[in-house]
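Each remark here refers to the structure printed beneath this line.
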Amino acid sequence: MTDAVDATDKPTPRRNPKPKIGTLNGRKMKPSTLMMGHGYDPSLSEGSLKAPIFLTSTFAFENAAAGKRHFEGITGQRPGGADGLVYSRFNGPNQEILEDRLAIWDGAEDALSFSSGMTAICVLMLACCNAGDVIVHSGPLYAASEGFVAKVLSKFNVTYLDFPAGATREELDTVLSKAKKQASDNGGKVAMIYLESPGNPTNALVDIEAVKDARNAALDPECPIAIDNTFLGPLWQRPLDHGADIVCYSLTKYVGGHSDLVAGSIAGDKKWMDPVRSLRNTMGGITDPHTAWMLLRSLETVELRMQRAGENAAKVCAFLKSHPKVDGLGYLGMIEDARQQDIYDRHCLGAGSTFSVFLKGGEEECFRFLDNLKIAKLAVSLGGTETLASHPASMTHLSVAHGRRQELGITDALVRISIGIEDADDLIADFEQALEAV
Ligand SMILES: *Cc1c(COP(=O)(O)O)cnc(C)c1O
């Protein structure tokens, strides 16, 4: 530490103004390079190469005028949030570096981090909706997201309409015109179009471009299109490039990537982020500093991990596809439907590493398969370094009514697999012996 510092000129770890994306010889650096240093200046933290974890509840202001200025940002009197560190429910150095780096991956102006994917999604929806409003969403959604819309928002007289993931422009026009009528009957507006693509666990894709065109034709452009990009992001799908306004993540999955943390985020233009930040400031729900730090570590390898997992998944699926005990695959590298393939070709940069396998038989066959796996672990969640397998109909989607499960293709014969970064041949050997036991 320096001994005599001028009290008005203390360096703070806050990077102010917001860091610019680095360029070299006029060329914008790529995300994989930027993850090693963007938004962090070691000289502000004793030269520490990695950002320290800032375990503090509150931050000392440079002077009273700065405190006032920061609170103008916190309370929304000035848009864009605080321009200094204030209090750990609002912001912190680890969270700000994380948010700057998350925004880079999606090509977004701004990002916000949360204590879980569900906190991100719930705070986003609450910030967008008033009583009487309607949410239009694709189906299937992650069960908790669907539950939040149907069971929690309904308590505040926010209703919903849904459409199947693969819906065509015509079908989208129909559902939006119904939604407009419903909203006007309820004295509200269509507040948000909420997508999840690919859908969990069937991998059904939503045509984001068609949704954007339908929104532009039927609704106020002030009705945002948000999309849960957890299954393919940030590497294999960039929804903001295809007309989505807000992208949501469970960072617990591929971004965290080691099955050792729970977190979430949203990203998009500042005008969409500001009201959500403001509600997060009120409710709490920002990531804690330790988890934010863990995520900074994870972001350094996210591209490597996802590439390797994607290559492994392609090899495993090539094996499973022709196995006599396998009835079919829900893998984006082997789409059979022409419309789904067309959406894939326009929107996706890779097939991902989470897919469904339909075994011949039902629950009994699936359970035998799962109970015999030796490398793959029997667990819900996805996107980690290790391969996981689960049975959605009796686990993650047990709360979904039987009829609705059938409609969505979540049968008793479906096993969901998330491929990790192990050796592909070892994984194939594991699936081979587990299928033999069926
Ligand atoms: C896991 C998941 C969520 C919820 O995220 P949490 O971090 O568990 O709160 C939301 N959407 C999708 C697609 C998910 O897989």
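The values are calculated or read from the model by the stated rules, or taken from the named source; none is laboratory data. What you see is a predicted model, and the numbers here were worked out from it, not measured in a lab. FYI the Cβ positions are ideal-geometry reconstructions off the backbone, even for glycines, and counts take in every protein chain you see. Note: areas computed on protein heavy atoms with side chains; ligands, DNA, RNA excluded. Shrake-Rupley method; radii C 1.70, N 1.55, O 1.52, S 1.80 Å.
Quick rundown of the values:
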read-out	value
Residue within the range 222-230 that is in a loop (DSSP other than H, G, I, E, B), open to solvent by 10 Å² or more (accessible area, probe 1.4 Å) and away from the ligand (no atom under 14 Å from the Cβ) present	yes
Failed item, numbered, when Arg89 is tested on (1) in a loop (DSSP other than H, G, I, E, B); (2) without any contact (Cβ under 8 Å) to a residue 24 or more places away in the chain; (3) among the basic types (Lys, Arg)	(2)
Sole exception among (1) in contact (Cβ under 8 Å) with a residue 40 or more places away in the chain; (2) more than 22 Å from Arg404 (Cβ to Cβ) for Phe156, by number	(1)
Extreme residue, most open to solvent (accessible area, probe 1.4 Å), among residues of the range 247-262 that are more than 25 Å from Ile193 (Cβ to Cβ) and within 12 Å of the ligand (Cβ to nearest atom)	Val262
Condition met for Leu240 (within 15 Å of the ligand (Cβ to nearest atom), aliphatic (A, V, I, L, M), farther than 24 Å from Leu85 by Cα and within 20 Å of the chain's Cα centre (by Cα))	no
Test for Ala51: is it open to solvent by less than 20 Å² (accessible area, probe 1.4 Å) and outside any helix (DSSP H, G or I)	yes
Any hit, the range 169-187, residues being outside any helix (DSSP H, G or I) and either under 30 Å from Met334 (Cα atoms) or within 16 Å of the ligand (Cβ to nearest atom) (or both)	no
Whichever residue in the range 101-148 is open to solvent by less than 10 Å² (accessible area, probe 1.4 Å) and over 17 Å from the mean Cα position of the chain (by Cα) and, among such residues, is nearest to the ligand (Cβ to nearest atom)	Ile135
Subset of the range 248-280 (residues that are among the β-branched types (Val, Ile, Thr), outside any loop (DSSP other than H, G, I, E, B) and under 30 Å from Ala309 (Cα atoms))	Ile266
Residues located in the range 282-293, provided they are surrounded by fewer than 22 Cβ atoms within 10 Å (Cβ to Cβ) and either in contact with a Gly (Cβ under 8 Å, 6 or more places away or on another chain) or not in a helix (DSSP H, G or I) (or both)	Gly284, Gly285, Asp288, Pro289
Some residue of the range 121-134 being under 30 Å from Met306 (Cα atoms), touching a Lys or Arg at 6+ places or on another chain (Cβ under 8 Å) and part of a helix (DSSP H, G or I)	yes
Selection from the range 275-293 of residues that are out of contact with any strand residue (DSSP E or B) (no Cβ under 8 Å at 6 or more places or on another chain) and more than 14 Å from the ligand (Cβ to nearest atom)	Pro275, Ser278, Leu279, Asn281, Thr282, Met283, Gly284, Pro289, His290, Trp293
Count - residues of the range 158-175 that are of a type in the set (Gly, Ala, Ser) and over 23 Å from Cys128 (Cα atoms)	2
One residue from Arg339, Arg277 being open to solvent by 50 Å² or more (accessible area, probe 1.4 Å) and in contact (Cβ under 8 Å) with a residue 40 or more places away in the chain	Arg339
